[in-house]
Amino acid sequence: MAFAQAATFTFTAIPDADESQLRTRFEKVAEYLEQQLGVDVEYVPVKSYSAAVTAFRNNQVQLAWFGGLSGVQARKLVEGSQAIAQGYEDQFFKSYIIAHHSADIDASKEFPDISGTSFTFGSKGSTSGRLMPQYFIEKHLETTPKKAFKRVGFSGDHSRTIAQVQAGAYQVGAVNYKVWERELEEGKIDLNKVKVIWETPTYPDYQWTIRADVDAKYGEAFTGKVKAALLDMKNPDLLKSFPRSSFVEATNADYQPVEDVAKQIGLID
C-alpha cells in the first residue's frame, strides 16, 4: 500500500514542562517510532493542553501523549479513539502540594490548612496540576479554590508552578510528582525555599491515545504496531525523558475515575 508509506504519522504531547525539553525528548521518540513503524513520523509541538486536544480532534495528529483529563476529553471528541499504553507509574500517579518557606506550613500526612494562602495550579487542563488537586482541596476544605484562597493562579505547566512557588510569587501550589522529582534531581529546586507539604492518594494519569481511523490510513493492524512499539520502548534514555520506567497496556476504562472526578467538579459535562 504505497499511500500508507507516503503518509507522515504525526503525534503531539501535552506541554507539561519547558518547551525546549519537550522538543528534545519527543523528537527522539519520533525517531524511535519511525524505525519501528516503517513510516515517516513527526512530533508536532503545541502551546497548551487544550491545543493538544484540538490537534487530535482535527486529525492534525493521530497519536498523543495526554494526561488523564486531556485524554478523556480527546476520546470524547473523536469516537472510537483508544488509550493504548501508559507509563508503568501512571497506574498510580500522584500530585504534590508544595509550599514556600514563608507560608510556614509543615509537611503532614493529613491535608494541611492552606486556607487563605495564595495558590497556583498548573495548566487548567492538567490532571495532576489541576483536576485532582482541586478535587482534594474541595473535599478537605469543603469549599471551592476561589473561596478558599486569597488568590488563585494557573502557571501553565509544572516547571513554572515550581518556579513560582520557589520564588514566593505564590505561597502554595500543586505539581506533578514526577516533574518535582526530576527537577530536584537536576538541582533546580532549593529545599530551603520550597518543600512538599502533602501528597495526594494515587490515580491514573498519562497515556498514549490513538485515533480510530489510523488503520484505514496507514494499513491494517497499524494501531497494534504502534501499541507494540510503545510497549517495547526499552531504551533507558528515551524512558528517562518521560520519566517512566516502562510502558504498559492501557484501555479507555482505566480512565473512568478521572472522568468521574472531572464531572463531579464540573470540568466536563
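Please return the ranges of helices (runs of 4 or more DSSP H) entirely within the range 63-170 where 1 or more residues are without any contact (Cβ under 8 Å) to a residue 60 or more places away in the chain and among the polar types (S, T, N, Q). Once the helices (runs of 4 or more DSSP H) in the range 63-170 are filtered for at least 1 residues that are without any contact (Cβ under 8 Å) to a residue 60 or more places away in the chain and among the polar types (S, T, N, Q), what remains is 68-77, 158-167. Would you please name the residue that is modelled with the highest pLDDT, looking only at residues in the range 224-245 that are surrounded by fewer than 16 Cβ atoms within 10 Å (Cβ to Cβ) and either polar (S, T, N, Q) or not in a helix (DSSP H, G or I) (or both)? Among those residues, the one meeting the criterion is D232. Taken together, A107, A103 contain a single residue that is open to solvent by 10 Å² or more (accessible area, probe 1.4 Å), modelled with pLDDT of 95 or more, in contact with a Ser or Thr (Cβ under 7 Å, 6 or more places away or on another chain) and among the small types (G, A, S), which is A103.
If the condition is being touching a residue at least 40 places away in the same chain (Cβ under 8 Å) and open to solvent by 50 Å² or more (accessible area, probe 1.4 Å), then the range 182-203 contributes N192, K193, K195, E199, P201, T202.
Taking the criterion of being open to solvent by 10 Å² or more (accessible area, probe 1.4 Å) and assigned to a helix (DSSP H, G or I), the residues of the range 9-29 that qualify are E19, S20, Q21, R23, T24, R25, E27, K28. Suppose we filter the range 246-266 for residues that are closer than 18 Å to I14 by Cβ, open to solvent by 50 Å² or more (accessible area, probe 1.4 Å) and not in a helix (DSSP H, G or I); how many remain? Of the residues in that region, 0 qualify.
Per the conditions (1) part of a helix (DSSP H, G or I); (2) closer than 18 Å to P15 by Cα; (3) not acidic (D, E), the sole criterion not satisfied by Y32 is (2). Selection of the range 204-219 for residues being outside any loop (DSSP other than H, G, I, E, B), farther than 26 Å from M132 by Cα and in contact (Cβ under 8 Å) with a residue 40 or more places away in the chain yields V214, K217, Y218. Every condition in (1) open to solvent by 20 Å² or more (accessible area, probe 1.4 Å); (2) in contact with a helix residue (DSSP H, G or I) (Cβ under 6 Å, 6 or more places away or on another chain); (3) part of a helix (DSSP H, G or I) holds for V46 except the one numbered (3).
Here the range 219-230 is the region considered, the condition is being over 18 Å from E31 (Cβ atoms) and not charged (D, E, K, R), and the residue that is farthest from the chain's Cα centre (by Cα) is G219.
The values are calculated or read from the model by the stated rules, or taken from the named source; none is laboratory data. In this text, all values refer to a predicted model and were calculated from it rather than measured experimentally. Methodologically, a virtual Cβ is constructed for each residue, glycine included, from the backbone with ideal geometry; neighbour enumeration extends over all protein chains shown. What goes into the accessible areas is simple: the full protein's heavy atoms, side chains included, and nothing from ligands, DNA or RNA. Shrake-Rupley method; radii C 1.70, N 1.55, O 1.52, S 1.80 Å.
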